[in-house]
Structures are given as structure tokens and as C-alpha cells.
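Reading through the C-alpha cells given below for one structure.
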Amino acid sequence: MTITRNRYKEFLKKILIESKSESCEEGKVRFICPRQNEPREYLYCCTVAENQYTCCADETKSRYFKNSSETVPEDVEQNKTSITGALWQAVIILYIFIVFLIMLADFFSHMRLKNKKSAHKPSPRQMSAES
């Protein structure tokens, strides 16, 4: 059973991840191109009629096709924003780590001072024996 499952996972990885497969939604039915009854070259979801989709081999007919000349500068700006956001996340994580190290150092210094004070203090038995 596990061998079959692993083979199926490998098969899905080859079809879905390594290829440029697309998903289509026709009404309430959703399918991924290529379907089992179609050739492997039919990777793209193409429009046949309004609200009717099928798989085809031509990338330019895909409903998700975006020509490189049609790219909007907002996409580039959005990409810069995501890089800036990741940078800020790294800075915040570094800050939290430094605060944690300071708290840890403070804890250990407090414990060391506490141990020094208790070492210099005579125990209650010693005090009662001296009296």
C-alpha cells in the first residue's frame, strides 16, 4: 500500500509541479490540466465559450496567460514591498533574539548575586550556636 502511495505521489509531482499545469473551474466542477483522458501537452486552461473551459496545448490561449509587455509597474513595486517586508521581519526577529539574550544574562547575573549573598550569610543554626 505504501509503495503504491509513494508512486502515486511521485506521479503527481511530475505532472503538477514539474509541468506548468493549470486548474480550470467550469461551473461547480474544478479540474487540473491535463486531465487523464488528454495528452500531457494539454497543460493550459483555455476558454472554449463563455464560462466553458477545456485543456489545450497553446499557452497564449490560456485564461491565465499574461504577456510580458502587459506587466504593470505595480507588480514590480509589490515585489519590492514583499522584499522590504521580509527584511523587516528579519530585523524584528533579530531584535527579539537580542532582548531574549539580555533577559537570560540578567537572570544568570541575578542568580550569581543571590548565591554570593547566601554564601556570606551565616545559617540560622550557626547564629543560635553562637548565642
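Going by neighbour counts of Cβ atoms within 10 Å, the residues THR47, THR84 line up, fewest first, as THR84, THR47. In terms of other Cβ atoms within 10 Å, LYS28, LYS117, LYS61 run from fewest to most in the order LYS28, LYS117, LYS61.
Coordinate-derived values only; no laboratory data. These figures come from a predicted structure and were not determined experimentally. Quick reminder, even Gly has a Cβ in these numbers, built from the backbone with ideal geometry, and neighbours come from all protein chains shown.
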